[in-house]
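Engineer: Structure provided below as structure tokens; questions to follow.
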Amino acid sequence: MELNEKNIRTAKPGDILRDKTVRGLHLRVFEESAGFYLFYRTKGGEQRKPKLGTHGQITLVQARRVAQEWLAEVAAGRDPSRDRAEERAAPTVADLWKEYYQRHASRIKSGSTYERQWKLHIEPRLGRMKVADVTYSMIADIHEGMASTPIEANRVLAFLSGMFNFGCRPLEWIERSPVRGVKRYKENKRRRYMTGEETARIAEILDREAAVNPASVAFLYLLILTGARKGEIAAARWEWISGASIHLPDSKTGEKQVYLPEPARDVLDRLPRTTGTITGILTPQKLWERVRKEAGCPDLRMHDLSHSFASAALSAGLTLGQIGELLGHKSTQTTKRYAHLVEEAATAAATATADRIVDAMKRKSPALEGERG
């Protein structure tokens, strides 16, 4: 039967309607649908019969136009059916994430962060896209869309960079990462420490909570008194305690000793040894949210407690090298984030010294006395 609108309306299941306008185009009629197909041979003589579309979703006019485009590609020496099959089989960004997670991200400490970033920021926008179709502009748009949270935006960009570099090597799915060239936001380093007044208020609240939330209170006291990271306290086990320190076989910086001053050992002595880990919990976040709000410092993070420990150590006269050893910093550059505190302490000391000199001199010098008055 000839392929035309009239015959399409009267066609029955099993009929094949062939077009006289475009050679090779035909309509196959089935029980519940009918589809447009194109028969052609490649330049190498291979037969192809790809489906162009379902009748009702595309019209006869549209089917003819698509068929003519495909035949033009065949005449140019290409094989559009094979090309489109390869395109459909091309890996998506979701496929890339799966490979990256299984072979890399799942094995590192930041893997859970990558999972959160993937689900929240990347999957909704890029998950279904082909890896080869992702462009610099798409990555830049995601980054710019997070301008209100520049630090988080930079972390997402770093995650994307690692994942697409993995797509280049070792997977060899793409030749160049679309992340390359996207500039990170400038980050203003956070300098937040507990003040003396905040420390006193926090201690008062923790002491009040000790009977109700002993594990969470102990967890927070250990952070304050040792300068350890939250993950280190969460993972620490009773058998790792030896004398006045906790030996961590692994941490963010590798093997590490967490030194336990006497107040920290007192905290441990009050804990029951009923769980494998020292506190038996992963985080005291719920209690900390209440404590910092009631203490009037809602912006103070648990991570800032380590910074506060370093600040107190400097006030006690320790050097940056000694503080780096206490906190387990592998790089001196990491410890240098506290260098401004050394400058502040030196300035305060110089001011106090000058005040004493001026106080001694002003009895002899009316000019100095007048200036200070």
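FYI, it's all coordinate maths here, none of it is from the lab. Since this is a predicted model, take the numbers as computed values, not measurements. Counting neighbours? That spans all protein chains shown, and the Cβs are built from the backbone with ideal geometry, glycine included.
Engineer: Quick one: which residues, 5+ away or cross-chain, put their amide H under 5 Å from the amide H of HIS55? H built at 1.01 Å from N.
Structural biologist: The answer is ALA34, GLY35, PHE36.
Engineer: Per residue of the range 69-82, in order, report the coupling 6.51 cos²θ - 1.76 cosθ + 1.60 (Karplus, θ = phi - 60°) as ³J(HN,Hα) in whole Hz, putting x for Gly and Pro.
Structural biologist: The phi angles translate into 5, 5, 5, 5, 5, 4, 4, 7, x, 9, 10, x, 5, 5 Hz.
Engineer: May I ask for the percentage of alpha-carbon pairs in the range 108-178 that lie more than 18 Å from each other?
Structural biologist: Details: 903 of 2485 pairs.
Counting every Cα pair in the range 108-178, those more than 18 Å apart make up 36 percent.
Engineer: A further question on this structure: Given bins 10 angstrom wide, list per bin the percent of all Cα-Cα distances in the range 5-88, short to long.
Structural biologist: 18, 50, 26, 6
Engineer: Hey, what do the phi angles of the range 112-122 turn into as Karplus ³J(HN,Hα) couplings, whole Hz, using 6.51/-1.76/1.60 and θ = phi - 60°, x for Gly and Pro?
Structural biologist: 5, 5, 4, 4, 5, 5, 4, 5, 7, 10, 9
Engineer: When only alpha-carbon atoms are used, what values of Rg and Dmax, in angstrom, describe the range 127-263?
Structural biologist: When restricted to the Cα atoms of the range 127-263, Rg and Dmax are 22.1, 60 Å.
Engineer: What is the set of long-range amide H partners of LYS256 at a cut-off below 5 Å, with H atoms built 1.01 Å from backbone N?
Structural biologist: LEU248, ASP250
Engineer: Only Lys, Arg, Asp and Glu count, each charged at its Cβ (+1, +1, -1, -1), so figure out the dipole size of the range 93-168 about its Cα centre, rounded to 20 debye. Each step should come with its number before you reach the end.
Structural biologist: Numbers: 10 positive and 8 negative charges, 63 e Å.
With only Lys, Arg, Asp and Glu charged at Cβ, the dipole is about 300 debye.
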